[in-house]
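Enquirer: Provided herewith is a single structure, encoded as structure tokens, for subsequent inquiry.
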Amino acid sequence: MSLDHLDETHARILRQMCDAVGMTPERATEEDAFVGFFQSFRPDGNGISGLFDGHPASDEMQERLTDLFEAAGEDRRPQGGKDAYFVVRQPAEISPELVRLAGQQWLSGLARLAEDLGMADAAQKLKAVETVRVLEGIPPKHPKLDHEKTNLLRLLKDEAPGWIEAAAPDHAISHSLRPAYYFINCDPMLRDYLMWPMMRDSIATDFEPFEPYFQLWRHGVKWRAYQEQQIDLYMPRR
């Protein structure tokens, strides 16, 4: 399908993305066209400079991608081969106190976002979290069976990832870019942090909700929700 039906900025960005990976513009509107796009520029991100030229948020979008590549670093696996996704293998050290603070800020930011988007029940569940516990090591897996999951886990894993898209259903550029951003790490919170500068003006809120989550991610911290009023944050073991 031709890009001629898109607005000028949208079409320019997609053409620039196609040129960067040698893709024909006709493929640009296919749903999975840009899956794995950012992996093409591992490990240092060279080649994506100027990708969003022409968009008002281009500098912020570029800055967040630069931070992403720096945090993930080398894409070679210790046992050989390359990572399919962006994995932080050598995270910078961070204190447990800062991890706890980032976790609290992440949850309070999500609660505020839920309120601003008119989701009072979700906001109440997030505000009910009383404890952010910081641990060390490899976290156990979340349960797979739905009846074994906490309401908090379902909220964070199943509901919150759709909030931004639902709040701006007509944001055409984001629909084109969301697959590429999601498959960076199959992490919707990371995706929404990286895309936030582009989405900001379309969302009925005036603050940055996902930055604390990125701080946790870049330091290799994993979250778990086994109780309704507690979040566990697992730091990498040194």
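Enquirer: Would you work out the relative contact order for the stretch 117-221, in percent, from Cα pairs under 8 angstrom that are 6 or more residues apart?
Expert: Relative contact order for the stretch 117-221 comes out at 24 percent.
Enquirer: So how strong a dipole does the stretch 1-78 carry about its Cα centre when Lys and Arg Cβ are +1 and Asp and Glu Cβ are -1, to the nearest 20 debye?
Expert: 300
Enquirer: Would you mind getting the accessible area per residue of the stretch 1-97, heavy atoms of the protein chains only, 1.4 Å probe, in Å²?
Expert: I get 57 Å² per residue for the stretch 1-97.
Enquirer: Now for a separate question. Taking Cα atoms, how many degrees apart are the long axis of helix 8-21 and the longest axis of the chain, rounded to 10 and kept between 0 and 90?
Expert: It is inclined by approximately 90 degrees.
Enquirer: Give me the tail of P(r) for the chain as a percent: Cα-Cα pairs with distance above 25 Å.
Expert: 45
Enquirer: Expressed as an acute angle from 0 to 90° and rounded to the nearest 10, what is the orientation of the C-alpha long axis of helix 172-182 relative to the principal long axis of the chain?
Expert: Roughly 60 degrees, rounded to the nearest 10.
Enquirer: Within the chain, which is the longest segment that contains none of the GluC sites (Glu not before Pro) sitting in a DSSP loop with at most 15 other Cβ atoms within 10 Å?
Expert: By the stated rule (loop sites, at most 15 other Cβ atoms within 10 Å), 131-227.
Enquirer: Next question, about the same structure. How high is the relative contact order of the stretch 1-143, given as a whole-number percent (alpha carbon pairs under 8 Å, six or more residues apart)?
Expert: Relative contact order here is 14 percent.
Enquirer: Calculate the dipole size of the chain relative to its Cα centre from +1 charges on Lys and Arg beta carbons and -1 charges on Asp and Glu beta carbons; express the result in debye to the nearest 20.
Expert: Charge dipole, the chain, about its Cα centre: 1200 debye, nearest 20.
Enquirer: Still on this structure: Compare the Cα positions of 99, 126, 147 along the charge dipole of the stretch 87-149 (+1 at Cβ of Lys, Arg; -1 at Cβ of Asp, Glu; about the Cα centre) and return the one farthest towards the positive end.
Expert: 147
Enquirer: Moving to a separate point now. For residue 63 and residue 35 in one chain, what is 0.36 nm times their gap in residues minus the Cα-Cα distance, to one decimal in nm?
Expert: Gain on stretching residue 63 to residue 35: 8.0 nm.
Enquirer: Using alpha carbons only, how many degrees (0 to 90, rounded to 10) separate the axis of helix 96-116 from the longest principal axis of the chain?
Expert: Roughly 70 degrees, rounded to the nearest 10.
Enquirer: I've got another one for you. Determine the distance separating the Cα centre of the stretch 1-61 from the Cα centre of the stretch 95-126; give it in Å without decimals.
Expert: Centre-to-centre (Cα) distance: 32 Å.
Enquirer: Relative to the present Cα-Cα distance, how much length would full extension add between residue 208 and residue 138 at 0.36 nm per residue of separation?
Expert: Gain in length upon complete extension: 22.3 nm.
Enquirer: Suppose all protein chains stay in the model; what accessible area per residue would a 1.4 Å probe give for the stretch 100-238, in Å²?
Expert: Here the per-residue accessible area is 47 Å².
Enquirer: Please report, as a whole percent, how much of the solvent-accessible surface of the chain comes from carbon and sulfur atoms (probe radius 1.4 Å).
Expert: Of the solvent-accessible surface of the chain, carbon and sulfur hold 47 percent.
Enquirer: Which value at 222 nm does the chain reach when only helices count, each DSSP H run of 4 or more adding -39,500 (n - 2.57), with the total divided by all residues and rounded to the nearest 500 deg cm²/dmol?
Expert: Helix contribution divided over all residues of the chain: -12500 deg cm²/dmol.
Enquirer: Let me ask another. Calculate how large, on average over all directions, the projected area of the Cα convex hull of the stretch 1-95 is; give the answer in nm² to one decimal.
Expert: 7.7
Enquirer: If packing is taken as the average count of other Cβ atoms within 10 Å, what order do 43-52, 179-188 fall into, highest mean first?
Expert: 179-188, 43-52
Enquirer: Next up: When the dipole is taken about the Cα centre of the stretch 188-230, and only Lys, Arg (+1) and Asp, Glu (-1) are charged at their Cβ, what size is it in debye, to the nearest 20?
Expert: For the stretch 188-230, the charge dipole is close to 300 debye.
Enquirer: Oh, and also: Given labels modelled 7 Å from the Cα in the Cβ direction, how far is it in nm from residue 147 to residue 82?
Expert: With each label point 7 Å from Cα toward Cβ, the separation is 4.5 nm.
Enquirer: Considering the Cα positions of the stretch 80-137, please state its Rg to one decimal place and its Dmax as a whole number of Å.
Expert: Spelled out, the Cα radius of gyration and Dmax of the stretch 80-137 are 15.9, 48 Å.
Enquirer: Report the rotationally averaged projected area of the stretch 143-238 based on its alpha-carbon convex hull, in square nanometres.
Expert: 7.3
The values are calculated or read from the model by the stated rules, or taken from the named source; none is laboratory data. Remember, it's a predicted structure, so these values are computed and weren't measured experimentally. Neighbour counts are summed over all protein chains in view; Cβ atoms, including those assigned to glycine, are modelled from backbone coordinates with ideal geometry. Heavy atoms of the whole protein, side chains included, go into the accessibility calculation; ligands, DNA and RNA do not. Shrake-Rupley method; radii C 1.70, N 1.55, O 1.52, S 1.80 Å.
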